[in-house]
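Enquirer: Sharing a structure here in structure tokens format.
Here, each number is a calculation from the coordinates, and none is a lab measurement. The model shown is predicted, which means the values in this text are computed figures rather than measured ones. All Cβ positions, even for glycine, are placed from backbone atoms using ideal geometry, and neighbour counts span all protein chains on display.
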Amino acid sequence: MTDPPVVGASDRIREFWDADASTYDATKSHSISDPLERAAWRQALSEALPLPPASVLDVGAGTGSLSLLAAELGYAVTGLDLSPGMLAEAERKANAMGLADRVTCVVGSASEPPPGPFDVVVERHVLWTIPDPVGALRSWLDVGRRLVLFEGTWGSRRLVHRAKDFAAQTLRKVMRTPPDHHAPYPEDVLAELPLARLPSPVPLVEAVHQAGWHGVRIRRLRDVEWAARLHEPWPFGWLEERPRYVIVADAES
Ligand SMILES: C[S@@+](CC[C@H](N)C(=O)[O-])C[C@H]1O[C@@H](n2cnc3c(N)ncnc32)[C@H](O)[C@@H]1O
């Protein structure tokens with residue numbers, strides 16, 4: 001009898017996102033469907049990206065929230081993702097919005113990007129789920145001139161954030177309001193991800209430096225935080241908000 005196939009972390013991560021593909025966009029901050037939050041993201045993209053028309057590689061594009069917003073702004077976008085299910089949603093939405101000619105979807109690993117070259121490599125909320133983030137960042141340096149990372153400190157261990165989390169969880173139980181988010185990864189998968197649940201942006205900034213990107217800079221995305229807080233029912237927006245930021249770097253100094 002042959003041994004059963006070994007299911008590695010990346011297979012389990014792909015299965016997780018394939019299973020989440022039909023529900024991911026139900027969260028307003030995932031789909032960027034709220035008009036105010038959409039406007040805040042449009043501003044964040046316009047400030048961080050070179051002027052359109054430029055070519056954008058959106059790594060871990062998912063259901064295409066950022067890709068489609070960038071395509072609307074006039075960019076030529078390639079969305080790369082491990083999950084065929086998530087990308088099928090992105091393609092469906094691109095067709096429905098009449099943006100299919102500006103968005104190309106590629107199923108594949110973040111560490112093996114299409115050759116490009118791209119004017120800019122972007123990601124939103126993806127580096128935390130990559131087992132070798134420095135390796136992935138290096139591979140993006142081979143194909144991109146600018147790097148733009150949209151991230152947040154989801155794993156803050158500050159007393160104020162832990163107290164707010166506890167209050168939100170308790171209130172959700174009392175009010176029978178389910179959390180507006182999918183289930184977390186299993187602990188053994190999380191253990192293989194060095195940038196999961198970051199308490200601060202410091203390890204991410206260090207990873208970008210380590211990968212060889214130049215001129216690393218960071219800016220807090222207060223407009224995105226504010227818009228996300230406003231679309232949640234009180235007090236959940238206030239209790240569950242976390243610092244969000246954009247890191248930008250260049251391939252050449
Ligand atoms: C939190 S979602 C973010 C999706 C999208 N960037 C957004 O802003 O809505 C993470 C995405 O990363 C993808 N992903 C996870 N690991 C990956 C890898 N190693 N290579 C490519 N995509 C990956 C998942 O399939 C999922 O679509």
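Enquirer: Let me have the 222 nm mean residue ellipticity of the chain computed from DSSP H runs of 4+ only, each contributing -39500 (n - 2.57), with the sum over all residues rounded to the nearest 500.
Expert: Details: 11 runs with 105 residues, N = 253.
So the helix-based figure for the chain works out to -12000 deg cm²/dmol.
Enquirer: A further question on this structure: Give, as a single signed number, the net charge of other residues whose beta carbon lies under 12 Å from the beta carbon of Trp17, with Lys and Arg counted +1 and Asp and Glu -1. Walk me through the intermediate numbers first.
Expert: Values: positive: Arg12, Arg14; negative: Asp11, Glu15, Asp18, Asp20, Asp81, Glu89.
Taking every other residue near Trp17 into account, the sum is -4.
Enquirer: Another question, then. How much net charge surrounds Gly135 when only the other residues with a Cβ under 12 Å from the Cβ of Gly135 are counted, with Lys and Arg +1 and Asp and Glu -1?
Expert: Values: positive: Arg138; negative: Glu112, Asp132, Asp142.
Neighbourhood net charge equals -2.
Enquirer: What ratio of Cα Rg to 2.2 N^0.38 Å holds for the range 1-152?
Expert: Values: Rg = 15.4 Å, N = 152, 2.2 N^0.38 = 14.8 Å.
For the range 1-152, the normalised Cα radius of gyration is 1.04.
Enquirer: For Val202 and Glu252, what does the FRET efficiency come to when R0 = 22 Å and r is the distance between their Cβ atoms, rounded to the nearest 0.05? List each step's numbers first, then the result.
Expert: On the way: r = 24 Å, r/R0 = 1.11.
Efficiency, from the Cβ-Cβ distance: 0.35.
Enquirer: Cα convex hull of the range 101-253: how many Å³ per residue? Don't skip to the answer; put the middle values down first.
Expert: Values: hull volume 22.5 nm³, N = 153.
In the range 101-253, the Cα hull volume divided by residue count equals 147 Å³.
Enquirer: Run the reach check for Lys93 against aspartates and glutamates, Cα to Cα strictly under 20 Å, same-chain hits fewer than 8 apart removed. What comes back?
Expert: Filter leaves Asp18, Asp20, Asp25, Asp34, Glu37, Asp58, Glu72, Asp81, Asp101, Glu123.
Enquirer: Next up: Mind putting a number on the dipole of the range 147-224 about its Cα centre? Charges go on the C-beta only, +1 for Lys and Arg and -1 for Asp and Glu, and I need it in Debye to the nearest 20. Present the calculation step by step, with values, prior to reporting the outcome.
Expert: Numbers: 12 positive and 8 negative charges, 109 e Å.
Here the size comes out at about 520 debye.
Enquirer: Return the long-range amide H neighbours of Trp154 (sequence gap of 5 or more, or a different chain), with a cut-off of under 5 Å between placed amide H atoms.
Expert: Leu198
Enquirer: What number comes out for the charge environment of Ala100, summing +1 per Lys or Arg and -1 per Asp or Glu over other residues with Cβ under 11 Å away? Don't jump to the answer; show the numbers that get you there.
Expert: Numbers: positive: Arg92, Lys93, Arg102; negative: Glu91, Asp101.
Cβ neighbours under 11 Å give a net charge of +1.
Enquirer: Looking at the chain only, what percent of DSSP beta bridges run antiparallel? Nearest 5 please. Numbers along the way, then the final one.
Expert: Numbers: 12 of 32 bridges.
About 40 percent, rounded to the nearest 5.
Enquirer: Among Leu204, Pro52, Ala88, whose Cα lies farthest out toward the positive end of the dipole of the range 9-250, if unit charges sit on the beta carbon of Lys, Arg (+1) and Asp, Glu (-1)?
Expert: Toward the positive end, the furthest listed residue is Leu204.
Enquirer: Additional query: Work out, step by step, the length gained on full extension between Asp188 and Glu241: first 0.36 nm times the residue separation, then minus their alpha carbon distance; give nm to one decimal.
Expert: Details: separation 53, 0.36 × 53 = 19.08 nm, distance 2.65 nm.
Value of the extension gain: 16.4 nm.
Enquirer: Can you list residues whose amide H is under 5 Å from Gly79's amide H, if they're 5+ apart or on another chain and H is modeled 1.01 Å from N?
Expert: Here Asp58, Thr104, Cys105, Val106 satisfy the definition.
Enquirer: Another question, if that's okay. For Lys164, go through the lysines and keep the ones whose alpha-carbon is under 22 Å away, minus same-chain ones fewer than eight residues off.
Expert: Once the sequence-local lysines are set aside, what remains near Lys164 is Lys28, Lys173.
Enquirer: What residue among Ser67, Val121, Met175 has its Cα farthest toward the positive end of the dipole of the chain, where the charges are +1 on Lys, Arg and -1 on Asp, Glu, each on the Cβ?
Expert: In the chain, that residue is Met175.
Enquirer: Using Cβ contacts closer than 10 Å as the measure, can you line up Arg92, Arg124 from fewest to most? If you can, show how the numbers build up before the last one.
Expert: On the way: Arg92 13, Arg124 25.
Ranking Arg92, Arg124 by Cβ neighbours within 10 Å, fewest first, gives Arg92, Arg124.
Enquirer: Can I ask one more? To the nearest 20 debye, what charge dipole does the range 9-250 have about its Cα centre, counting +1 at the Cβ of each Lys and Arg and -1 at the Cβ of each Asp and Glu?
Expert: Here the range 9-250 has a charge dipole of around 920 debye.
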